[in-house]
Amino acid sequence: MTDIAPSTPLPMTDIETFSRLDIRVGTIVEARPFPAARKPAWQLWIDFGPRIGIKQSSAQITVHYTPDTLVGRQVCAVVNFPPRQIGPFRSEVLTLGMPDARGDVVLIKPDLTVPDGGKLF
């Protein structure tokens, strides 16, 4: 279960701060169980197109998704955070989601198929 968003909004920020986040769309090309993770998670390989390539992500999305339902799905991710070592796995991007009513993660994706590597603006 993921923390549900706080009941009060965060402090105001500005567009320059937001613009430093590089949020891109990519297509999941491979998904596997991640038994070494402390919390249930999948290992994802996401194709962000020719400029960024395929990046790895550990995602705690096991409640609503299986590896079979993830492959071929487009997702949004932050691609400019430093990589994190999670056990034996190097997570290179932060796959984005929102909590459902129980706090379980629901992935963020575009309504229509868009080119991999497209930047949120």
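The values are calculated or read from the model by the stated rules, or taken from the named source; none is laboratory data. Quick caveat: nothing in here was measured; it's all calculated off a predicted structure. Cβ coordinates were reconstructed from backbone atoms using ideal geometry, including for glycine residues, and neighbour counts include every protein chain displayed.
If the condition is being in a loop (DSSP other than H, G, I, E, B) and surrounded by 12 or more Cβ atoms within 10 Å (Cβ to Cβ), then region 104-113 contributes Asp104, Ile108, Lys109, Pro110.
Residues are listed down the side, and each one gets a yes or a no for (1) buried (at least 18 other Cβ atoms within 10 Å of the Cβ); (2) touching a Gly at 6+ places or on another chain (Cβ under 9 Å); (3) in contact (Cβ under 8 Å) with a residue 12 or more places away in the chain; (4) among the polar types (S, T, N, Q):
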{"site": "Leu10", "(1), (2), (3), (4)": "no, no, no, no"}
{"site": "Glu30", "(1), (2), (3), (4)": "no, no, yes, no"}
{"site": "Pro33", "(1), (2), (3), (4)": "no, no, yes, no"}
{"site": "Ala36", "(1), (2), (3), (4)": "no, yes, yes, no"}
{"site": "Pro40", "(1), (2), (3), (4)": "no, no, yes, no"}
{"site": "Gln43", "(1), (2), (3), (4)": "yes, no, yes, yes"}
{"site": "Ile61", "(1), (2), (3), (4)": "yes, yes, yes, no"}
{"site": "Arg73", "(1), (2), (3), (4)": "no, no, yes, no"}
{"site": "Pro82", "(1), (2), (3), (4)": "no, no, no, no"}
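On the stretch given as region 27-81, residues that are of a type in the set (S, T, N, Q), in a loop (DSSP other than H, G, I, E, B) and within 20 Å of Asp116 (Cα to Cα) total 1. If you filter region 89-103 down to residues that are at pLDDT 95 or above and part of a loop (DSSP other than H, G, I, E, B), you find that the one that is nearest to the chain's Cα centre (by Cα) is Leu96. Working only within region 9-49, note down all residues that are out of contact with any Asp or Glu (no Cβ under 6 Å at 6 or more places or on another chain), within 16 Å of Asn80 (Cα to Cα) and not β-branched (Val, Ile, Thr). Once the filter is applied, which keeps residues that are out of contact with any Asp or Glu (no Cβ under 6 Å at 6 or more places or on another chain), within 16 Å of Asn80 (Cα to Cα) and not β-branched (Val, Ile, Thr), region 9-49 yields Glu16, Phe18, Ser19, Arg20, Leu21, Asp22, Arg24.
Against the criterion of being modelled with pLDDT of 95 or more and either under 21 Å from Leu120 (Cβ atoms) or of a type in the set (A, V, I, L, M) (or both), Gln43 does not qualify.
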